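Contents: one structure, followed by commentary.
The values are calculated or read from the model by the stated rules, or taken from the named source; none is laboratory data. Everything numeric here is computed off the predicted structure, so don't read it as measured data. Cβ placement follows ideal geometry from the backbone for every residue including glycine, while neighbour counts extend to all protein chains displayed.
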Amino acid sequence: MRLRYNFRLYPTPGQQQALARAFGCARVVFNDALRVRGDAHAAGLPYLPDGDLSKLVITQAKKTTGRAWLGEVSAVVLQQALADLNTAYRNFFASVSGKRKGRRVAPPRFRSRKDGRQAIRFTRNARFTVTPGGKLRLPKIGDVRVRWSRPLPSEPSSVTVIKDAAGRYFASFVVETTGEPLPEAAAEVGIDLGLTHFAVTSDGRKITSPKFLRRAERRLRKAQQALSRKQKGSANRRKAAARVARLHARVADVRRDHHHKLSTQLIRDNQAVYVENLAVNGLARTRLAKSVHDAGWSQFVSMLEYKAERYGRTFAKIDRWFPSSKLCSACGTVTESMPLNIREWACQCGAVHDRDVNAASDRRSVVLRRLDQGRLFRGLSGCVGGFRGLVLG
């Protein structure tokens, strides 16, 4: 399987200027190509082939006075900018024709130099290397210092250099990894995700929601108020904007760290993990939107899924319409109604349930029943046949 390994970069001031030049050239090529294709479409001309587009906005553009500076950066960076545009067009056309599932994809739009995130990509053709001293050698940029937190498992096929809104630089490597099966575990767990408790497991464990954004709101509010008072275009406004970005980056970092640690623990301790297929996009349009985004359920579930595949565990998503909160895990009786304010309830069989623990237990038990019946369900991966992407029956 393919994974991304991210590492922090520390370029010198001169290398930062070279990277800024590369970011700008890639952005100009992307925008020029998008403009050419847009003009051709408006004039009723056929779709311009990728090769002809490359000659027009890169090869011929370098010979003009207004674009001669494109030759100051690696040609691979410019070609990858065109590849990004072609991918955006393919996704858009596939979405319009119905071949692409999921939400509707918008057509590509122009990139702005004011975007908080800038990125360029080097492939093997660019001949980037890691020096014996542990630095990342990039063409026409130099040897950039890297903070290696772990070794790369294989030779990377590409590296993306990213500058985020907080002014930090990262190197993102794409590497091929083989499965690393963990010793089999006897336990299996169902997980109920929520807001009061981030996760409740079928064994009764309740993990309190960290609410990282809520805890940082006071500092963020002060920083954003200070930003709003600065004159537009001034150096002080840029400094204030950078401070806001750093605070948001810190929130995202601690949330990601929490998700990584919790998902790794669950995958290590359990042979199978079952979660609900939540409609996060719908919940994010309600009055609970800030809390939903702060929880980061989608990121957490994605981590569980790829770690289960990597370490030989079973992972499954239970359909969101399954009545796990109303279903008694002892006798299987479904209660007619279950308002959200009811956190504990008693079944007619005499069993008393915690709402969230019961829901997590039901998700685990329904998977085991359907496995016994030979039925397949959405998201099954890992050690049970590798049936990924199948639908809950």
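From the list Y5, Y47, the lone residue that is over 29 Å from P151 (Cα atoms) and either over 26 Å from the mean Cα position of the chain (by Cα) or not small (G, A, S) (or both) is Y47.
For beta carbons closer than 7 Å, sequence separation of 6+ or different chains, a first residue in the stretch 102-123 that is closer than 22 Å to S74 by Cβ and a second that is aromatic (F, W, Y) and not in a loop (DSSP other than H, G, I, E, B), the qualifying pairs are R111/F30; Q118/F23; I120/F23.
With respect to (1) in a helix (DSSP H, G or I); (2) among the hydrophobic types (A, V, I, L, M, F, W, C); (3) surrounded by fewer than 19 Cβ atoms within 10 Å (Cβ to Cβ), the lone exception for L45 is condition (1). Taking R221, is it within 17 Å of V292 (Cβ to Cβ) and in the same structural domain as A289 (by TED's automatic domain parsing)? So R221 fails the test.
Here E309 clears all of (1) closer than 17 Å to S209 by Cα; (2) surrounded by fewer than 21 Cβ atoms within 10 Å (Cβ to Cβ) except the condition numbered (1). Please verify whether L152 is of a type in the set (A, V, I, L, M), out of contact with any Pro (no Cβ under 6 Å at 6 or more places or on another chain), in a loop (DSSP other than H, G, I, E, B) and not assigned by TED's automatic domain parsing to the domain that holds T129, treating the condition exactly as stated. Judged against the criteria, L152 is not a match. Among the residues making up the stretch 12-35, those that are farther than 21 Å from R121 by Cβ and in a helix (DSSP H, G or I) are P13, G14, R35.
What's the number of the only condition in (1) part of a loop (DSSP other than H, G, I, E, B); (2) in contact with a Phe, Trp or Tyr (Cβ under 9 Å, 6 or more places away or on another chain) that V161 fails to meet? Only one criterion is unmet by V161, namely (1). Listed by position, the helices (runs of 4 or more DSSP H) inside the stretch 259-336 whose residues that are in contact with a strand residue (DSSP E or B) (Cβ under 9 Å, 6 or more places away or on another chain) and modelled with pLDDT of 80 or more number at least 1 are 289-295, 297-310.
Pairs linking a residue in the stretch 72-101 that is of a type in the set (S, T, Y) to a residue that is not in a loop (DSSP other than H, G, I, E, B), with Cβ atoms under 8 Å and 6 or more positions apart or on different chains, are S74/A22; S74/F122; S74/A126; S74/L138; Y89/R37.
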